[in-house]
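*Asks:* Dropping a structure here in structure tokens format, bear with me for questions.
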Amino acid sequence: MAPVSSEQRTWGWLNFTTVWMGMVHNIVAYETAASLLSLGMSVWQALLTVIVANAVLIVAMCLNSVAGARYGLPFPVLVRAAFGHKGAQIPVFVRAFVAIFWFSIQAYAGSEAVGAVFGALIPGWASLGHYHIIGMGLNTAIAVALFWLLHIWVVSHGINRVKYFELWAGPLVIVLGLCLVVWSITVAHGFGPAFTQPSKLHGVAFWQAFGLSVTGLVGTWSTLVLNIPDLTRFSRSQKDQIVGQAIGLPGTAILFSVMSIVITSGTLIAFGTAVTDPVQLLGKFNNSIVLMFGAFALLIATLSVNVAANVVSPAYDLVNLFPKKLNFVRAGVISVVIGLCFAPWLWYDNGGVIFSVLNAIGGGLGPVAGIMLADFFMIKRRKYDVLSFYRSDSEYRYTNGWNLRAIGALVIGLIAAFIGLVVPVLSILYTYSWFIGVIVGGVAYVLLMRSSMSVEAIEPVAVGMFEEN
């Protein structure tokens, strides 16, 4: 939880680029573009949706990255400036819970790649499915256990292991994707039929689907919007984290979406149906070498996104809750173990429920992001007193450790984000729950904190917001 020293700030722009490569190149992200096509969008509408969502994400990420890179502080500490030392535990706890929930989803998806490899190499592997352990076949249980242990191995060596692991994990998935793209173009003698199919959505129907999809894509990463300082605190400079993220997030995410669409389009020709699950696609080649290499790449892809996005953040959050008993490694291992308690093998196949929950999570975390941004850029004028984060008698203590104005802004933001879910006539608002949560939460916080603001604090902050330390 202490500020990172200048000697420890060794992450350059390449590290941030490869971290994002590792996070956006995963099984769930691969299926996203295909799911947009299944809604009735054309290829170009789907790509527009992905581009807009990632443009929003990179702006939000970079804005909330500045304080972490400047002061070397993680999210659980920075959020104290707005909520107070005790009040900060509310967003920290919710953020940790959501990260571990999402970790369990990704880890189970990755374990399917482990099972696919064993199925190709071990005779009788499928027969182990007849023996059940806590709701899953023995073969599935073995794959899950091995993949969970891989997470513990990476985390047990600290944050530097994460840095070096991501350096090669992200590019490896690009290699696999490019191989499948070449195969798809060869089989289809071009980009395939998906690129010539017209859109089934027009007018209002398209814009409703567009808004819901953009919000859903942003909501999937809304957790990392909050805790991106956990990574940027290790940046050598503001320029490194901004350039690295600008290349890694929108660039590789859009490229990966194009690749997944091209590959899925090719499967229509090769197999007569669209195969959107990459593990199933590899199995259709009936080639052990292809399956092993492909499954290994998918396994590494899922491992990389889980470690960077869903283990690092709850690890810091748990250390913040129990600073005298936990360090990064212990907290990371605990996060991985708690993930098992969500038992994703019992409900993972119900994708509609999963993404409905994740979209709701996006709306719930939006107000926290809005409050953090408003506090740093408008209330504190991009200047934090580092010692105040660690002193109970500091200016960030507020009333007994609680900033009730931040709590009030959070409640107002949550009501605005979810009112469309409970009031039918306002249902259109829920389509943009994350955006509404960010805006309403931030504006409410500024208005409630106006008594502590000077005239200069509310001047436009666009100029110089990314200046160096």
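*Asks:* Taking the criterion of being over 20 Å from GLY339 (Cα atoms) and over 16 Å from the mean Cα position of the chain (by Cα), would at least one residue in region 100-112 satisfy it?
*Replies:* No: zero hits.
*Asks:* Turning to a different aspect of this structure: All but one of (1) surrounded by 15 or more Cβ atoms within 10 Å (Cβ to Cβ); (2) modelled with pLDDT of 80 or more hold for ALA194; state the number of the condition that does not hold.
*Replies:* In the conditions (1) surrounded by 15 or more Cβ atoms within 10 Å (Cβ to Cβ); (2) modelled with pLDDT of 80 or more, ALA194 misses (2) alone.
*Asks:* From the list ILE254, ILE269, ILE263, ILE228, pick out the single residue that is under 30 Å from LEU201 (Cβ atoms), buried (at least 22 other Cβ atoms within 10 Å of the Cβ) and at pLDDT 80 or above.
*Replies:* From the options ILE254, ILE269, ILE263, ILE228, the qualifying one is ILE263.
*Asks:* Can you tell me how many residues in region 302-324 are crowded, with 24+ Cβ neighbours inside 10 Å, out of contact with any Gly (no Cβ under 7 Å at 6 or more places or on another chain) and among the hydrophobic types (A, V, I, L, M, F, W, C)?
*Replies:* Result for region 302-324: 4.
*Asks:* Please go through region 128-141 and pick out each residue that is among the small types (Gly, Ala, Ser) and surrounded by 12 or more Cβ atoms within 10 Å (Cβ to Cβ).
*Replies:* Answer for region 128-141, where residues must be among the small types (Gly, Ala, Ser) and surrounded by 12 or more Cβ atoms within 10 Å (Cβ to Cβ): GLY129, GLY137, ALA141.
*Asks:* Can you tell me which residue in region 197-210 is farthest from the chain's Cα centre (by Cα), limited to those that are surrounded by fewer than 17 Cβ atoms within 10 Å (Cβ to Cβ) and assigned to a helix (DSSP H, G or I)?
*Replies:* Filtering first and then ranking leaves VAL204.
*Asks:* Here's another thing I want to ask about it. Identify, by number, the condition in (1) under 30 Å from LEU321 (Cβ atoms); (2) surrounded by 20 or more Cβ atoms within 10 Å (Cβ to Cβ); (3) modelled with pLDDT of 90 or more that TRP13 doesn't meet.
*Replies:* The one condition TRP13 does not meet is (1).
*Asks:* Of the residues VAL19, VAL24, VAL50, VAL59, only one is within 19 Å of LEU249 (Cβ to Cβ), without any contact (Cβ under 8 Å) to a residue 12 or more places away in the chain and within 16 Å of the chain's Cα centre (by Cα); which? Give the steps one after another, and end with the answer.
*Replies:* Details: VAL19 fails: without any contact (Cβ under 8 Å) to a residue 12 or more places away in the chain; VAL24 fails: without any contact (Cβ under 8 Å) to a residue 12 or more places away in the chain; VAL50 fails: without any contact (Cβ under 8 Å) to a residue 12 or more places away in the chain.
Only one candidate passes the filter, namely VAL59.
*Asks:* Kindly indicate whether ASP240 is at pLDDT 85 or above, open to solvent by 10 Å² or more (accessible area, probe 1.4 Å) and either under 17 Å from GLN197 (Cα atoms) or not aromatic (Phe, Trp, Tyr) (or both). Talk me through it step by step, then tell me what you get.
*Replies:* On the way: at pLDDT 85 or above: yes; open to solvent by 10 Å² or more (accessible area, probe 1.4 Å): yes; either under 17 Å from GLN197 (Cα atoms) or not aromatic (Phe, Trp, Tyr) (or both): yes.
Yes, satisfied.
*Asks:* Quick one: would you say SER213 is part of a loop (DSSP other than H, G, I, E, B), open to solvent by 10 Å² or more (accessible area, probe 1.4 Å), touching a helix residue (DSSP H, G or I) at 6+ places or on another chain (Cβ under 7 Å) and small (Gly, Ala, Ser)?
*Replies:* Answer is no for this residue.
*Asks:* Only residues that are touching a helix residue (DSSP H, G or I) at 6+ places or on another chain (Cβ under 8 Å), in a loop (DSSP other than H, G, I, E, B) and either touching a residue at least 60 places away in the same chain (Cβ under 8 Å) or open to solvent by less than 90 Å² (accessible area, probe 1.4 Å) (or both): list them for region 379-396, please.
*Replies:* LYS380, ARG381, ARG382, TYR384, SER394, TYR396
*Asks:* Please list, ordered by residue number, the helices (runs of 4 or more DSSP H) wholly in region 25-116 having 2 or more residues that are at pLDDT 85 or above and open to solvent by 10 Å² or more (accessible area, probe 1.4 Å). Spell out the reasoning first.
*Replies:* Numbers: elements: 27-38, 43-71, 75-78, 80-83.
Ranges flagged: 43-71.
*Asks:* Whether any residue in region 413-431 is among the aromatic types (Phe, Trp, Tyr), in contact with a helix residue (DSSP H, G or I) (Cβ under 9 Å, 6 or more places away or on another chain), at pLDDT below 85 and open to solvent by 70 Å² or more (accessible area, probe 1.4 Å) is what I want to check. Write out each step before concluding.
*Replies:* Within region 413-431, the first condition is being among the aromatic types (Phe, Trp, Tyr), and the residues that meet it are 418, 430.
Next cut, in contact with a helix residue (DSSP H, G or I) (Cβ under 9 Å, 6 or more places away or on another chain) only: 418, 430.
Retained after the next criterion (residues that are at pLDDT below 85): 430.
Retained after the next criterion (residues that are open to solvent by 70 Å² or more (accessible area, probe 1.4 Å)): none.
No, that holds for no residue.
The values are calculated or read from the model by the stated rules, or taken from the named source; none is laboratory data. The structure displayed is predicted, hence computed values, not measured ones. Cβ coordinates were reconstructed from backbone atoms using ideal geometry, including for glycine residues, and neighbour counts include every protein chain displayed. When the accessible area is computed, the model is the full protein with side chains, heavy atoms only, and any ligands, DNA or RNA have been set aside. Shrake-Rupley method; radii C 1.70, N 1.55, O 1.52, S 1.80 Å.
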